[in-house]
Every structure is written in C-alpha cells, then in structure tokens.
Amino acid sequence: MAAGGTGGNSNKTYSFKVVLLGEGCVGKTSLVLRYCENKFNDKHITTLQASFLTKKLNITGKRVNLAIWDTAGQERFHALGPIYYRDSNGAILVYDITDEDSFQKVKNWVKELRKMLGNEICLCIVGNKIDLDKDRHVSVEEAESYAESVGAKHYHTSAKLNKGIEELFLDLCKRMMETAQAEERLKGNGASQSASSRRGVQIVDDEPQATPAGGCCSSG
Amino acid sequence: MMSQRSERRGIHLDQSELLCKKGCGYYGNTAWQGLCSKCWREENQRERQKQIQEDWALAERLQREEEEAYASRHQRAQSQPTITPFSKFEERKTKEKSSKVNTVTKFFTPSAKTPPKKDTTSFDTQSSPSPSSSSSRHPPADTDHATREFIDFLKPLKSGREIFKQCRAFTESMVYKRDMGADELSECVQDFYQNLSDRLQTQFKGSTEHVESVMDEVEKYMMTRLYKEVFCPETTDDEKKDLAIQKRIRALHWVTIEMLCVPVDEEIPEVSDSVVKAITDVIEMDSKRVPKDKLACITRCSKHIFNAIKISKKEAASADDFLPTLIYIVLKANPPRLQSNIQYITRFCNPSRLMTGEDGYYFTNLCCAVAFIEKLDGQSLNLSPEEFELYMSGQASPHWPQGAGASSPGSAALSQVHKRLDLLTGLGERQDRVIEKARQLESDLIDWTDEVEQKVQSVLESFPQETHNPTATTASGTTSAAASAIDSDNVENERLPPPLQPQVFAG
Ligand SMILES: Nc1nc2c(ncn2[C@@H]2O[C@H](COP(=O)(O)OP(=O)(O)OP(=O)(O)O)[C@@H](O)[C@H]2O)c(=O)[nH]1
Ligand SMILES: [Mg+2]
Ligand SMILES: [Zn+2]
C-alpha cells in the first residue's frame, strides 16, 4: 500500500492510517482518547474532537506517524464503511466484553474487510472493558480462537484502567511496519522503481545522482 | 439570436425556447449561443484546436521568460558562487553556451533547448524578472503570481532549478493531453508527484516534512496552471453529477436536524454562528484552485462543526457526532459544483495528504456525506417509506401539523414542530388582540376629535358676532391690556400669548 511510506530509505518516516470500527458504546472513542491524550471520561475537555487523532512514535529507531480515524458506527452509516477504510493499513475492531452482540458485529466487520482489502490490512480484535470482567459475556477462549482463525490478533483492554492499550498500538505498528517492509522487498528496491514502472510520465533525470557534499538543502 | 430575443421581449417564453437549439433535450444557454454545454463543446471543437495552437505558442514564450526570470532571480540569491562538483558538471553540460558568461550565469542558464540569444538578459540586476515578461497577452495574473512564488520558494534549494524545470515541462506537456480521459490525466499527475517525491526523499535524506513542504508548492504551481484544463473536464460526466446532487439536495430541503440526529443546538448564538461559518466555508471551496486550498476550506468547515458540537454537547465530537452534522451542513449549503470539486481533489491532490493527513480525514467524511445524501431513504432518517415519499413529493412537510402521523418514529421531530406551531398560533392571537386594541384606540380618537369639534362649535355659536376684529393692528394693540385684565391676579403669566376668548375683548 502506498500509505506505508515512500522511498527505499532506511531513515524514512512511516505513515499509517488506522480505522476504528465497532458498535456504538463499546469504547472506541475512550480507547483513542486514552492512548493519545491519556484521558478517560474527562468532562473538562480541552480536546475539540475525538474523531481524528494522531500519534508520533519511534519504534526501533524508525519514525512512525499514526493517524487514527474514528468511524461513524450507527447502522444507517454502515454502507459508508468502504469510503472510510479505503487505503488503511490497519483496523482496530472493538467489542465490549459484556456485550455479546458487539462481538457478533466485529465478526461481520472482519468478513467485510477481508473481502474488500484482502490480507494487506492488519486486523486487531479488541475486547474492551476488562475491568467489568464479572459481567463478561464473551469468553476469552472463543474470542482468541476466532481471532486466530481469521489471521487477526486479539487484545484485552480497559480504557478506564488504562490496561493493554499501549501494547495494542505498539504491536499494531510493528505489524504494519513489517507489512510495509515486505511489500517494499516485493516491489524490488524501493518505490522509485515501482513508480517508474507505472505508465505515464517519465522524469528525465539530467542531474547527477551524486548530490554535492554539504547536504542538498540549504533553506532557512 | 440576440435580436430575435429582444423582439420577443415581454412575451412569455415557452419551454421549447429554453432548450438547446440542437434539439438534444438539454437546456440551452445564451452564453453558448443557445446550445447546451455538450453541443456547444462539439461546435467549438475546431475553434479549440486553433486555441490549442495559440496556447502552445504562448506556453513556449512563457517557458523562455520563466527560464530567464529564474536565472536572474537565482543569480541574485547566490551572488557568492560556490564551486561544487555539481556546478562543475552543469558547466560541462552548458559548454555550448557563450564562453564569455561567468560561472554563475552558466550555472543557471537554461539548457540547450532554449535559445542562447537571451543570455544577456540574464545579467539583468533589476529586482523584477526580465523586462520582456510583462505583456498584455499574459495568462491571468494569479498564474504568473504562482510562478513567481514557486521560484522564490525554490530559490534556496540546491536542486530548485531542476525541480522548477521539471514541473514546468510537465505542466506544459499536460496542456496537450486535455483530450485524455480524466483518470489518465490524474494518473499522469500522480505519477509525477510520486516520482518527484521519491527523489526528494532521497535528496533530503528522509526528512518527510521537508519533502511535503516542497510537494505542497509543486502542487500549488502545477494546479494553478492546470486548473482550467482539468477541473470538471469535458471528457467526464462531472457536470452532470454536479447538477444531479444539486437537485437532490434541493429536493431534500425538508430534512430537519432532528431526523439526522445532529447534536447541535442552534438556539445557542455561538452554535448558530459556527453553523453559518461552516456553511460559508464549504461553499467557499469552489472558489479555490489548488487542491490543498480546497481541502483547507473543508477543514475549516469541520473545525466550525466541532466547535458547534462541543458547545452543544460539552463533549469532544466523535465520528458519530461529526458525520451527521456535516451531512446537515452540506444539505443547508448545497455547495456549488460539489462533485466536480470532490473529483478534482481526488484526482490531483498530493496523495499523502489525502490518505493519512487530517485534511484527508475531513475530506473522506465529506465524501461519506455526499454518498449518504445520494442514497438516503426513509430508514436513514427514521421515517416510514410513506412519510419519506410524501415529503419528497412535496405533498406533506414535517413543518406542517399532521395530526395522524404523530405516533411515527419521527414523532419527536413532529412534536417539536407542533410546539413551534403552537407558539406561532399564540403569537398570532396576541397580534390579533393588539390590532383589535389599536382599532379601538383609533375610533376613540375619532370620537374624541368629533366631541372637541362639537364643543368648540357650540361655544362659537353662543358668541357669534364679536370675534371679528376690524383690523389686525387694533387687535394686537388691545390684547395686551386685555391680558393683564384677565390675569391680573397672576403677574408671572403676563408674557403668555393673548388668550383667545372673545368675551374679554367685548368687555
Ligand atoms: N467500565 C468501562 N467503561 C468503559 C470503558 N471504555 C469505555 N467505557 C464507557 O463506555 C461508554 C461508551 O464509550 P465510548 O468511548 O463513547 O464508546 P464508542 O465506541 O466511542 O461509542 P460511539 O461513539 O457511540 O460509537 C462510556 O460511558 C465510557 O465511559 C472501559 O474500559 N471500562
Ligand atoms: Mg465514539
Ligand atoms: Zn444540445
């Protein structure tokens, strides 16, 4: 996927788009707000919106820009899903462990995503609200074995107690990086080749590739 | 055509006269000599061919002028020449140039493709580009302005010269491809962006921000020039789609905030203010040329929406708040050429901004809003199919009282409407009462005037003759005496005008 970053450079920055999917009230907004701003049910909000949030990470020396897209979960907007998750590198599918129906919805999403995007997208299935374990209605075994059967990874989180959230996003980023790197290798050496193999304009490089010493940028 | 029109002035035009003269069934337009846009284009194919040739000539001239402008500007910026391996290489490349010119000029003179005779103008030390570049036959000033800005931006970059050359060459090559399909045009431009940004990535050693900032300027320069050619191109049905969505939005005028579950309370002044600003911003998108500027309008619109939601709900907006509100704003604004703008942005915007950037998120939501509006039915508004049909056909309106339908899922909306109607009825009654009272007052006044008149009359009748003064002078001469006579017990009032009672005079 193009969004995985361009150029065959080792010190490039990865840009990933991750969509959040799941039924209403399972805690999607709570999860991202906890992750990006470390807030939970904070009524004194300084946050203007919680629908698009970003996070910059540094993973084993590589820079990653994560863009997290909240999606409208109401049933009447369901048909718009493909417009949202087009070009995304990862999807976080959230259910509420106390709500069996919300887990069923996750299964539907998985089917749709695999159908539309194939295996290029990294899927995370997230059981949220583990602080309410006494009311659990989705068994751990069932959820984990389902995730494995569809090539997704399963995570247990609580936005309330801030449990499992860092791990979820860090792990997802690592997986997306692997996917992007595998794709680069597949393409040959970096994106420049893939670009020139595309039909259309050919940029004639009448400038030597060896740029002068002292850097190529002197702006400022 | 025009004379025919004026002869018939004042006569009602029937439908057929508004239609395209070619009889294709679309509406014609006086600006297109009575043809529809489609037929007009066909008619003008030949003329356009000529136009293309002229454009090409102009483009060639501009190319030369820009090269010169670039050379002279860059020369000023780099008055201290640094001999690098790169410039030496350039020197070799331009060896065919006159050997008299110094290194700096050589470095920045146009490559062999452009006529060397212009070299002398490159020595121009004036701040303006070459004097020949100002001419009345120039493209619009903003295009020129964009070029100048682009050059200024690239000036500090070592590879600026090269970037400029490639962008200009590519942009000009695009002018010849205007009959190419929109998707192919888009692919060309996207290929160019990708190719260039890959190379910049290598050059800037992976500094993404830096690459992005250059790419922004590249997009600005190229799209300012290409806008006319590639916005709503004739090869697409963008125009048809624009009209379709416009009509659709007009047909949905009856959709209320309640039906969409929009979490904003327009009774709060700051909220309704934000709503108005959001509407203005989304309408403004059409007036921008550069995809990035169009996106900025959508982003501003979205921020106003978030503000409205935050004030109404006292909570940060989630996607479930934002999307319905955006749909509502689009319905209220009915932005001009909505589909063309969306297509243009999709085709020609820098892809990284669309895919992962914040602007891209709002743009995606706008696409969702449009898709929703196109497809929406009763169910998406919590209405029964019957209600939806009634509203769409204009046979009923949620704004009218509807007694029987009050138990439907839309009853919340309806009861709200009823409440407002009750209020209006109450206001009407009060107004009636005010009018009633006003009438009463009016007739009272008339009665009173009559009464006064009668009284005056009766008084006059009881003293008929004496009121007639022989002369004006005698009257004024005697009144002062008379005044003191009647008001003798009231000295302060001596200066009052003379009283009118005639009986005093008689005494
Ligand atoms: N106990 C508990 N409650 C949670 C947790 N996460 C979220 N909630 C609560 O669940 C409710 C819904 O959370 P949201 O984050 O708004 O859920 P959402 O998925 O964004 O919902 P929509 O925006 O309606 O789709 C809120 O009242 C949260 O306080 C959790 O980990 N534990
Ligand atoms: Mg939410
Ligand atoms: Zn026609």
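The values are calculated or read from the model by the stated rules, or taken from the named source; none is laboratory data. Since this is a predicted model, take the numbers as computed values, not measurements. Here Cβ is always computed from backbone atoms with ideal geometry, including for glycine, and neighbour counts include all displayed protein chains. Just so you know, the surface numbers come from the protein's heavy atoms only, side chains and all, with ligands and any DNA or RNA stripped out. Shrake-Rupley method; radii C 1.70, N 1.55, O 1.52, S 1.80 Å.
Side notes on the structure shown:
- Take the conditions (1) touching a Leu at 6+ places or on another chain (Cβ under 9 Å); (2) surrounded by fewer than 18 Cβ atoms within 10 Å (Cβ to Cβ); A:Tyr146 misses just one of them, which is (1).
- Residue pairs meeting the criteria (Cβ under 9 Å; at least 6 apart or on separate chains; first aliphatic (A, V, I, L, M), in segment B:144-172; second in a loop (DSSP other than H, G, I, E, B)): B:Ala146/B:Arg289; B:Ala146/B:Val290; B:Ile151/B:Pro129; B:Leu157/A:Cys216; B:Leu157/A:Ser218; B:Leu157/A:Ser219; B:Ala169/A:Val204
- Answer residue from segment B:306-329, given it is away from ligand 1 (no atom under 16 Å from the Cβ) and either within 18 Å of A:Thr71 (Cβ to Cβ) or facing chain A (nearest Cβ under 10 Å) (or both) and is most open to solvent (accessible area, probe 1.4 Å) among those: B:Asn307
- Verdict on A:Ile92 being crowded, with 17+ Cβ neighbours inside 10 Å, β-branched (Val, Ile, Thr) and away from chain B (no Cβ under 12 Å): yes
- Each residue in segment A:155-182 was checked for being within 16 Å of ligand 1 (Cβ to nearest atom) and open to solvent by less than 30 Å² (accessible area, probe 1.4 Å), and 8 of them qualify.
- Checklist (1) free of Cβ contacts under 8 Å to residues at least 12 places away in the same chain; (2) more than 30 Å from A:Tyr14 (Cβ to Cβ) applied to B:Tyr176, failing item: (1)
- Every residue from segment A:77-88 that is within 30 Å of A:Val140 (Cβ to Cβ), more than 9 Å from chain B (Cβ to nearest Cβ) and in contact (Cβ under 8 Å) with a residue 12 or more places away in the chain: A:Gly81, A:Tyr85
- The listed residue being within 18 Å of the chain's Cα centre (by Cα) and within 11 Å of ligand 2 (Cβ to nearest atom), out of A:Gly81, A:Gly22: A:Gly22
- Candidates in segment B:175-200 are the residues that are open to solvent by less than 10 Å² (accessible area, probe 1.4 Å) and closer than 20 Å to A:Arg63 by Cα; of these, the one that is farthest from the other protein chains (Cβ to nearest Cβ) is B:Leu200.
- Among (1) at pLDDT 90 or above; (2) under 25 Å from A:Phe77 (Cα atoms) - the single one B:Gln454 does not satisfy: (2)
- The residue that is nearest to ligand 1 (Cβ to nearest atom), counting only those in segment B:20-32 that are more than 20 Å from B:Pro233 (Cα to Cα) and at pLDDT 75 or above, is B:Gly25.
- One residue stands out among those in segment B:205-232 that are open to solvent by 10 Å² or more (accessible area, probe 1.4 Å) and part of a loop (DSSP other than H, G, I, E, B): the one that is nearest to B:Ile373 (Cα to Cα), which is B:Cys232.
- Residue in segment A:50-60 that is at pLDDT 90 or above, among the polar types (S, T, N, Q), open to solvent by 10 Å² or more (accessible area, probe 1.4 Å) and under 26 Å from B:Lys314 (Cβ atoms) present: yes
- Residues satisfying the stated conditions in segment A:34-49, i.e. surrounded by 14 or more Cβ atoms within 10 Å (Cβ to Cβ) and touching a residue at least 12 places away in the same chain (Cβ under 8 Å): A:Arg34, A:Tyr35, A:Cys36, A:Glu37, A:Phe40, A:Thr47
- Residue in segment A:41-59 that is in a loop (DSSP other than H, G, I, E, B), in contact with a Ser or Thr (Cβ under 7 Å, 6 or more places away or on another chain), more than 9 Å from chain B (Cβ to nearest Cβ) and near ligand 1 (Cβ under 8 Å from one of its atoms) present: no
- Considering segment A:1-19, the residues that are at pLDDT 90 or above and within 8 Å of chain B (Cβ to nearest Cβ) include one that is surrounded by the fewest Cβ atoms within 10 Å (Cβ to Cβ), namely A:Ser15.
- Check on A:Leu123, part of a strand (DSSP E or B), within 12 Å of ligand 2 (Cβ to nearest atom) and either under 16 Å from A:Ile165 (Cα atoms) or open to solvent by less than 10 Å² (accessible area, probe 1.4 Å) (or both): no
- Criterion applied to B:Val282, B:Val262 was being part of a loop (DSSP other than H, G, I, E, B) and either out of contact with any Leu (no Cβ under 8 Å at 6 or more places or on another chain) or of a type in the set (A, V, I, L, M, F, W, C) (or both), and the one residue passing it is B:Val262.
- One residue alone among B:Gln395, B:Gln416, B:Gln402, B:Gln465 is under 30 Å from B:Pro263 (Cα atoms), open to solvent by 70 Å² or more (accessible area, probe 1.4 Å) and either in contact with a Leu (Cβ under 9 Å, 6 or more places away or on another chain) or at pLDDT below 85 (or both), and that residue is B:Gln395.
- Screening segment A:77-89 for residues that are open to solvent by 40 Å² or more (accessible area, probe 1.4 Å) and in a helix (DSSP H, G or I) and picking the one that is farthest from B:Gly378 (Cα to Cα) gives A:Pro82.
- Complete set of residues in segment A:62-76 that are without any contact (Cβ under 8 Å) to a residue 24 or more places away in the chain and open to solvent by 60 Å² or more (accessible area, probe 1.4 Å): A:Glu75
- Matching residues in segment A:152-182 - criterion: being small (Gly, Ala, Ser) and assigned to a loop (DSSP other than H, G, I, E, B): A:Ala152, A:Ala159, A:Gly164
- Annotation note: Cβ proximity below 6 Å between a residue of segment B:297-325 that is among the acidic types (Asp, Glu) and a residue that is within 16 Å of ligand 1 (Cβ to nearest atom) and in a helix (DSSP H, G or I) (sequence gap 6+ or interchain) occurs for B:Asp321/B:Ile309.
- The C-beta contact set for segment A:127-146 (first residue of a type in the set (S, T, N, Q), second residue assigned to a helix (DSSP H, G or I), distance under 8 angstrom, 6+ apart or interchain) comprises A:Asn128/A:Ser30; A:Asn128/A:Leu31.
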